[in-house]
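The values are calculated or read from the model by the stated rules, or taken from the named source; none is laboratory data. Since this is a predicted model, take the numbers as computed values, not measurements. Positions of Cβ are generated from backbone atoms using ideal geometry, with glycine treated the same way; all protein chains shown enter the neighbour counts.
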Amino acid sequence: MTDEIKNVLREALGPKAVLESKERLEPFGSDGSDLFHIPELVVEVQTTAQVCKVMQLASRYRFPVTPRGLGTGRAGGAVPVRGGVVLSLAPMNRILAIEPDNMIAEVEAGVLTLDLKEAAKARGLFYPPDPASLDTCSIGGNAATNAGGPACLKYGTTRDYVLGLECVLPSGVSIRTGVKTRKGVVGYDLTRLIVGSEGTLAVITKMTLKLIAHPPSLMTLVAFYGELTTAMASIRKILMAGHVPCAMEFLDDRCLRLAGDLLPFKGIDRAGALLIIEVDGDPDMIAREIETIGVICQRGGALEVLMAPDAAKRAKLWEVRRQVSLRIEENAPFVIREDIAVPLGRITALCENLPEVEKAWNLAIYAFGHAGDGNVHILITAADTSGRQRAAEAVGAILKVVLGLGGTISGEHGIGLLKRPFLPLELGPENIRLQRDIKGLFDPQLILNPDKVFP
Ligand SMILES: Cc1cc2nc3c(=O)[nH]c(=O)nc-3n(C[C@H](O)[C@H](O)[C@H](O)COP(=O)(O)OP(=O)(O)OC[C@H]3O[C@@H](n4cnc5c(N)ncnc54)[C@H](O)[C@@H]3O)c2cc1C
């Protein structure tokens, strides 16, 4: 970026919006992945008009722009790999309206996901998507990555709640997509195309979100199993009996050994797998439902089934689930995080393949995640940094197993930079060509988040 371009940006946006010193640029060079590239400028925008201005100038001077929410992405999507401008949407963080009558919310893209959930709850409404990062990520980033969490099993992902968008095209023109209604079939569904496009097609500035009634109560149980196979068989039985829990999470034996001491229950040393199952809704109905689910687990071979009697114990259980990644990170000099998904019945088959990969590349591999929707977090670690190359090779082997089982290479985090080399494993050349053509139609100069997604 030349001095002339920097001057033009300063003049157009005001000096306060433009960050230039190395210390202020550095935090915008990384995200929730281990990747780093320092931007040449950061522009912190307050309004859609400012986003339009940045993109108009980027179009005229042809400099790269990387949209950024709160920088928790796991795939390097917000890392400005070509330098240029990082466009921070963080200051656009107003909840514009919560409309109980219409059961919708209007928000700016930089709103913290937790803030929206709480504002909706205060009006008796529920915004279900619950990425584990919800207290540190933005709603715009959630839309750009189509984020999901444990509740996705019952309620779906971010895409299911985005009714419409205001976004700015790479040309600098602002458009509205979608509707404020529950239905709407006018034209191609650009909303669903832009959601999940990882900031490569348009900058999301505002969103119309669907809300539902807040479930009045929540109940949680944990079930310990000797091995993963029986745990997964119970998952199938629960779903086939017609229950739709709002979470069904699992930990494998390695994770249990690592974080089991944090569990608010004792005497489960023999366990080789753990399920956390949660149901929400009317208190009387869910009390019966959780009991029935407990019986299914017991009959399915659970060593122990325990209810979390109160909110404090429930919070402790979820803390264990959260602590697993932290402990893995503390115990290994580096970690590669995969977030693949396989068809429901194939989680066990996937996990059974992992010891072979561990042995072949001399690694330790941990598996945990969303048992109810097949989205498994696989954390690949080596005892020292010299294992980095071995771990990278093991990723390729694991992804091939995943695809062989009918799965997908990313269930939540997206492709960004990190998974770009693996995209052709899953998508055929014609599919990639079509997607590149769509990118070219939105962004013919390739200025918006260049070098992401496509190899
Ligand atoms: C501890 C931890 C736990 C996590 N747990 C989950 C989880 O459970 N489920 C899950 O899905 N993800 C999870 N993530 C990943 C991450 O939090 C999500 O991908 C989240 O949606 C990113 O939001 P963000 O605001 O941080 O986006 P960023 O990291 O800033 O950006 C992510 C991508 O979106 C683009 N982008 C951001 N904002 C916009 C915008 N307004 N317009 C256009 N493009 C934009 C960026 O260019 C980039 O490609 C986790 C991450 C961490 C660190």
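I'm checking my understanding of the structure. Among residues of the range 157-196 that are among the hydrophobic types (A, V, I, L, M, F, W, C) and in a strand (DSSP E or B), which one is farthest from the ligand (Cβ to nearest atom)?
Across the range 157-196, the extreme among qualifying residues is LEU163.
Kindly indicate which of ALA75, ALA58, ALA109, ALA17 is in the same structural domain as GLY164 (by TED's automatic domain parsing) and among the aliphatic types (A, V, I, L, M).
None of the others qualify; the one that does is ALA109.
Kindly indicate whether any position in the range 59-72 is on the phi > 0 side of the Ramachandran plot and more than 13 Å from the ligand (Cβ to nearest atom). If you could, list the steps in order and put the result at the bottom.
So the first thing to find is which residues in the range 59-72 are on the phi > 0 side of the Ramachandran plot, and the list is 62, 71.
Narrowing further to those that are more than 13 Å from the ligand (Cβ to nearest atom): 62.
Yes, the range 59-72 has at least one match.
What is the number of the single condition among (1) within 16 Å of the ligand (Cβ to nearest atom); (2) surrounded by fewer than 19 Cβ atoms within 10 Å (Cβ to Cβ) that THR229 does not meet?
The failed condition is (1).
So which helices (runs of 4 or more DSSP H) stay within the range 227-346 end to end and still have 3 or more residues that are of a type in the set (Gly, Ala, Ser) and either over 22 Å from the mean Cα position of the chain (by Cα) or modelled with pLDDT under 95 (or both)? Talk me through it step by step, then tell me what you get.
Working: elements: 228-240, 253-259, 283-299, 311-331.
By residue number, 228-240, 311-331.
Taking the range 29-58 as the search range and keeping residues that are among the acidic types (Asp, Glu) and either touching a Cys at 6+ places or on another chain (Cβ under 7 Å) or within 12 Å of the ligand (Cβ to nearest atom) (or both), which one is farthest from GLU4 (Cα to Cα)?
Keep residues of the range 29-58 that are among the acidic types (Asp, Glu), which gives 31, 34, 40, 44.
With either touching a Cys at 6+ places or on another chain (Cβ under 7 Å) or within 12 Å of the ligand (Cβ to nearest atom) (or both) added as a condition, the list becomes 31, 34.
Details: ASP31: 29, ASP34: 33 Å.
Only one residue fits best here, namely ASP34.
Exactly one condition in (1) assigned to a helix (DSSP H, G or I); (2) touching a residue at least 60 places away in the same chain (Cβ under 8 Å); (3) among the hydroxyl-bearing types (Ser, Thr, Tyr) is not met by SER410; state its number.
Of everything listed in (1) assigned to a helix (DSSP H, G or I); (2) touching a residue at least 60 places away in the same chain (Cβ under 8 Å); (3) among the hydroxyl-bearing types (Ser, Thr, Tyr), SER410 misses just condition (1).
Looking only at the range 258-268, decide whether some residue is surrounded by fewer than 18 Cβ atoms within 10 Å (Cβ to Cβ), β-branched (Val, Ile, Thr), in contact with an Asp or Glu (Cβ under 8 Å, 6 or more places away or on another chain) and touching a residue at least 24 places away in the same chain (Cβ under 8 Å).
yes
Could we say that LEU379 is without any contact (Cβ under 8 Å) to a residue 12 or more places away in the chain, within 16 Å of the ligand (Cβ to nearest atom) and under 23 Å from the mean Cα position of the chain (by Cα) here?
Numbers: without any contact (Cβ under 8 Å) to a residue 12 or more places away in the chain: no; within 16 Å of the ligand (Cβ to nearest atom): yes; under 23 Å from the mean Cα position of the chain (by Cα): yes.
Considered against the rule, which asks whether it is without any contact (Cβ under 8 Å) to a residue 12 or more places away in the chain, within 16 Å of the ligand (Cβ to nearest atom) and under 23 Å from the mean Cα position of the chain (by Cα), LEU379 comes out as no.
Give the residue, chosen from ALA223, ALA247, ALA143, that is more than 16 Å from the ligand (Cβ to nearest atom), touching a residue at least 12 places away in the same chain (Cβ under 8 Å) and among the small types (Gly, Ala, Ser). Even if it seems obvious, please write down each step before you answer.
Details: ALA247 fails: more than 16 Å from the ligand (Cβ to nearest atom); ALA143 fails: more than 16 Å from the ligand (Cβ to nearest atom).
Sole residue among the options that is more than 16 Å from the ligand (Cβ to nearest atom), touching a residue at least 12 places away in the same chain (Cβ under 8 Å) and among the small types (Gly, Ala, Ser): ALA223.
On the basis of being over 25 Å from VAL42 (Cα atoms), surrounded by 13 or more Cβ atoms within 10 Å (Cβ to Cβ) and not small (Gly, Ala, Ser), does LEU448 make the cut?
Numbers: over 25 Å from VAL42 (Cα atoms): no; surrounded by 13 or more Cβ atoms within 10 Å (Cβ to Cβ): yes; not small (Gly, Ala, Ser): yes.
Spelling it out, it is not the case that LEU448 is over 25 Å from VAL42 (Cα atoms), surrounded by 13 or more Cβ atoms within 10 Å (Cβ to Cβ) and not small (Gly, Ala, Ser).
Among the residues in the range 20-28, are any within 16 Å of the ligand (Cβ to nearest atom), in a loop (DSSP other than H, G, I, E, B) and on the phi < 0 side of the Ramachandran plot? Explain how you work it out, then say what you get.
Here is the first cut: in the range 20-28, the residues within 16 Å of the ligand (Cβ to nearest atom) are 25-28.
Adding the requirement that they be in a loop (DSSP other than H, G, I, E, B) leaves none.
No, there is no match, as no residue in the range 20-28 is within 16 Å of the ligand (Cβ to nearest atom), in a loop (DSSP other than H, G, I, E, B) and on the phi < 0 side of the Ramachandran plot.
Under the condition of being in a loop (DSSP other than H, G, I, E, B) and within 20 Å of ILE194 (Cα to Cα), which residue from the range 108-126 is nearest to the ligand (Cβ to nearest atom)? Walk me through how you get there before you give the answer.
Going through the range 108-126, the residues in a loop (DSSP other than H, G, I, E, B) turn out to be 109-111, 123-124.
Of the ones still in play, those that are also within 20 Å of ILE194 (Cα to Cα) are 109-111.
Working: ALA109: 4, GLY110: 7, VAL111: 10 Å.
Out of the qualifying residues, it is ALA109.
Restricting to the range 75-90, and then to whatever is more than 19 Å from the chain's Cα centre (by Cα), within 12 Å of the ligand (Cβ to nearest atom) and assigned to a loop (DSSP other than H, G, I, E, B), can you tell me which residue is surrounded by the fewest Cβ atoms within 10 Å (Cβ to Cβ)?
VAL81
Looking at LYS154 and the list (1) without any contact (Cβ under 8 Å) to a residue 24 or more places away in the chain; (2) away from the ligand (no atom under 13 Å from the Cβ), which single condition is not satisfied?
(1)
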